[in-house]
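The next block holds one structure in the form of structure tokens; read it before the comments.
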Amino acid sequence: MAKEKRTSIKDLASSLGVSPALISIVLNGKAKQYRISDEMVKRVKAAAKEMNYYPNVVAQNLRGGKSQLIGVIVTDISNPFYSTISRRIEDRANELNYNVLFSSSDENLENTERLIKVLLNKGVDGLIVVPCDGSRNAIAELIADDVPLVLLDRNFPDLDVKYSCLDNFKATRLATRHLIDQGYENISVISYETQMNHIMERVAGYEVTMREAGLEKSININRINLSNPRSEMREVLGHLFQGNTEAILCLTNMLSINGIYCLKEMNKKIPDDIAFVGFNRSDVFNLLDSPVTYIKQPIEKIANEAVNRVVDLISGSSYAADDVIIVDPELVIQSSTPKKNVLTHT
């Protein structure tokens, strides 16, 4: 799909049959100073709104000096993973004399596009973005406009953009291999319904490891809609308990949290009724008698490197040696995944 051209001052001037200088005067709030009529001001503002014009504030800042602001868009700042990583982003940005403006997209494309415009209009020098489903074109437009940009946690492999994220394929390979080594064969994955690359890589890591172990017939991937995770989690878990699933691997921290809540509602115990691997550490894990085995992301490194790279793009400095950073996961093994033959089923 061709990139939609940004509306320019020249486009507005052409549509109204006036000079670009007049448009610039009106949009910069200097109409009275230059004795431009109220009627013309109304016409200019109406055309700007109709043609979806917004100023290229990044370009303005490059001409007139930096704002020392970084805009950050995460999916949900209340998500424990993103709140923790946002805190570290702020700390690292402050170390480099930058301030941060945070916002949440709620995994919504329209919100993402709106927030990008809002942050650019606030004069941020660069952006750190957790992209959502369908946002590839919006990210590609930022790249084409030379906006200093780093993707966080997720990326688009076909775009030439800096990013900082986990080795997602390796993460689920570690978790799946551990469960197999513990004697489990019927291992089910709970994922989101999405085409985002990080989830697809996590699913692929599970599938490859199961096939390598000769367990391709036991591959079982359950996908939950982002908009209704709790009720769909209950339904998925109900089906899994009706089948022969011995162990569950949740592919995000919010899926892990929802899974634990639903298991408690169902009066199912971990690991007595089912073995369980989560993604990232959460306080909800304290609800359980058995500490949860989980995939740990090096949050500090992911956050630090994202900030280093966006500052590198903004200032032309050399905080970041590499274009992208892919960090290794760690599997924290606890008592939710015991050897299969030592489980005591009720």
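For the stretch 266-277, the count of residues that are open to solvent by 60 Å² or more (accessible area, probe 1.4 Å) and in a helix (DSSP H, G or I) is zero.
It is to be established whether one or more residues within the stretch 280-293 are part of a helix (DSSP H, G or I), within 22 Å of residue 85 (Cα to Cα), open to solvent by less than 60 Å² (accessible area, probe 1.4 Å) and at pLDDT 90 or above. For the stretch 280-293, residues part of a helix (DSSP H, G or I), within 22 Å of residue 85 (Cα to Cα), open to solvent by less than 60 Å² (accessible area, probe 1.4 Å) and at pLDDT 90 or above: absent. The number of residues in the stretch 68-82 that are farther than 18 Å from residue 150 by Cα and hydroxyl-bearing (Ser, Thr, Tyr) comes to 1.
Which condition number in (1) over 17 Å from the mean Cα position of the chain (by Cα); (2) modelled with pLDDT under 95; (3) outside any helix (DSSP H, G or I); (4) surrounded by fewer than 19 Cβ atoms within 10 Å (Cβ to Cβ) is the one that residue 183 fails? Of the numbered conditions (1) over 17 Å from the mean Cα position of the chain (by Cα); (2) modelled with pLDDT under 95; (3) outside any helix (DSSP H, G or I); (4) surrounded by fewer than 19 Cβ atoms within 10 Å (Cβ to Cβ), the odd one out for residue 183 is (2).
Among the residues of the stretch 79-112, those that are in contact with a Leu (Cβ under 7 Å, 6 or more places away or on another chain) and open to solvent by 50 Å² or more (accessible area, probe 1.4 Å) comprise 99, 101, 107.
Among the residues making up the stretch 235-263, those that are open to solvent by 10 Å² or more (accessible area, probe 1.4 Å), under 20 Å from residue 282 (Cα atoms) and not polar (S, T, N, Q) are 254, 257, 261.
The residue pairs whose first member lies in the stretch 75-101 and is among the basic types (Lys, Arg), whose second member is open to solvent by less than 50 Å² (accessible area, probe 1.4 Å) and not in a loop (DSSP other than H, G, I, E, B), and whose beta carbons are closer than 8 Å, counting only pairs six or more residues apart or on different chains, are 88/299; 88/303; 88/304; 92/303; 92/304; 92/307; 92/308.
Does residue 132 count as crowded, with 19+ Cβ neighbours inside 10 Å, hydrophobic (A, V, I, L, M, F, W, C) and in contact with a His (Cβ under 7 Å, 6 or more places away or on another chain)? Talk me through it step by step, then tell me what you get.
Details: crowded, with 19+ Cβ neighbours inside 10 Å: yes; hydrophobic (A, V, I, L, M, F, W, C): yes; in contact with a His (Cβ under 7 Å, 6 or more places away or on another chain): no.
For residue 132, the condition - crowded, with 19+ Cβ neighbours inside 10 Å, hydrophobic (A, V, I, L, M, F, W, C) and in contact with a His (Cβ under 7 Å, 6 or more places away or on another chain) - is not met.
If the requirement is being at pLDDT 95 or above, of a type outside the set (Asp, Glu) and open to solvent by less than 10 Å² (accessible area, probe 1.4 Å), which of these qualifies: 166, 174, 115? Please lay out each step first, then the result.
Working: 174 fails: open to solvent by less than 10 Å² (accessible area, probe 1.4 Å); 115 fails: open to solvent by less than 10 Å² (accessible area, probe 1.4 Å).
Going through 166, 174, 115 in turn, just one is at pLDDT 95 or above, of a type outside the set (Asp, Glu) and open to solvent by less than 10 Å² (accessible area, probe 1.4 Å): 166.
Residues that are among the basic types (Lys, Arg) and more than 30 Å from residue 283 (Cβ to Cβ) number at least 2 in the following helices (runs of 4 or more DSSP H) confined to the stretch 77-168: 109-121.
Note on the stretch 211-257: residues that are over 14 Å from residue 186 (Cα atoms) and in a loop (DSSP other than H, G, I, E, B) total 6. Take residue 224 and tell me if it is surrounded by 14 or more Cβ atoms within 10 Å (Cβ to Cβ) and closer than 19 Å to residue 174 by Cβ. When the stated conditions are applied, residue 224 does not pass them. Counting only helices (runs of 4 or more DSSP H) that sit wholly inside the stretch 18-65, those with at least 3 residues that are modelled with pLDDT of 75 or more and of a type in the set (Asp, Glu) are 38-50. Do we have any residue at all in the stretch 198-206 that's open to solvent by 50 Å² or more (accessible area, probe 1.4 Å) and part of a helix (DSSP H, G or I)? Yes, there is a match, as at least one residue in the stretch 198-206 is open to solvent by 50 Å² or more (accessible area, probe 1.4 Å) and part of a helix (DSSP H, G or I).
The values are calculated or read from the model by the stated rules, or taken from the named source; none is laboratory data. Note that the structure is predicted; figures quoted are calculated from it, not measured. Virtual Cβ from ideal backbone geometry, glycine too; neighbours counted across all protein chains shown. Protein only, heavy atoms only, side chains kept; ligands, DNA and RNA dropped before computing areas. Shrake-Rupley method; radii C 1.70, N 1.55, O 1.52, S 1.80 Å.
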